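K.L.:
Dropping the structure in here first, questions after.
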Amino acid sequence: MGNKLTGTIKTILDTLEGTSKAGKAWKKVEFVIENNEGYEGQAQIFAFEIFGEEKVDKFLQYNSVGKLVDVSYNIGCNEWNGKYFTSLSAWKVFGAESTDAPEVVAEVENDLPF
């Protein structure tokens, strides 16, 4: 089971490509989203990565800076030379419903007898 965040794409970094030690080709893209779900509505950012040629190509085809998205992701951690690196690996990115619509507040008459 993964996690989910909604935010606006702030940055899409350059696509990286290479070959693993096992001789397999790999492709990766990193992107950053921002939302205002921090303490007292503070802006916060999250950097995600997407691995795999097909996933990277689809992400780049359907997403751009400024788009509001829902990101489903897993949290991973790797150790290298006694240092630990945490990553947010996105596995699904979809357009989100805009939350910029004005909030409608209806006044409700209180008919309760107490």
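K.L.:
So what's the net charge close to Ile33: Lys and Arg +1, Asp and Glu -1, counting the other residues with Cβ under 13 Å from its Cβ?
P.N.:
Numbers: positive: Lys4, Lys10, Lys67; negative: Glu30, Glu34, Glu37, Glu49, Asp70.
Overall, the nearby charge balance is -2.
K.L.:
Between Ile12 and Lys27, what is 0.36 nm times their sequence separation minus the Cα-Cα distance? Round to one decimal in nm. Walk me through the numbers before you get to the answer.
P.N.:
Values: separation 15, 0.36 × 15 = 5.40 nm, distance 1.43 nm.
Stretched fully, the Ile12-Lys27 segment lengthens by 4.0 nm.
K.L.:
Regarding segment 3-95, what are the three Cα extents along the principal axes, ordered largest first, in Å?
P.N.:
For segment 3-95, the Cα extents along the three principal axes come out at 46, 36, 20 Å.
K.L.:
Given a cut-off of under 8 Å on Cα pairs at least six residues apart, what relative contact order in percent is computed for segment 3-95? Present the calculation step by step, with values, prior to reporting the outcome.
P.N.:
Working: 178 pairs, mean separation 26.9, N = 93.
Relative contact order for segment 3-95 comes out at 29 percent.
K.L.:
Sticking with this structure for a sec: In this model, which of Lys28/Lys83; Lys27/Lys83; Lys21/Lys67; Lys27/Lys67 are farther than 27 Å apart at the alpha-carbon? Working shown, then result.
P.N.:
Working: Lys28/Lys83 22 Å; Lys27/Lys83 24 Å; Lys21/Lys67 36 Å; Lys27/Lys67 23 Å.
Where the Cα-Cα span goes over 27 Å, the pairs concerned are Lys21/Lys67.
Read the figures in this text as sums done on the coordinates, not as results from a lab. Keep in mind that this is a model prediction, so the values were computed, not measured. Virtual Cβ from ideal backbone geometry, glycine too; neighbours counted across all protein chains shown.
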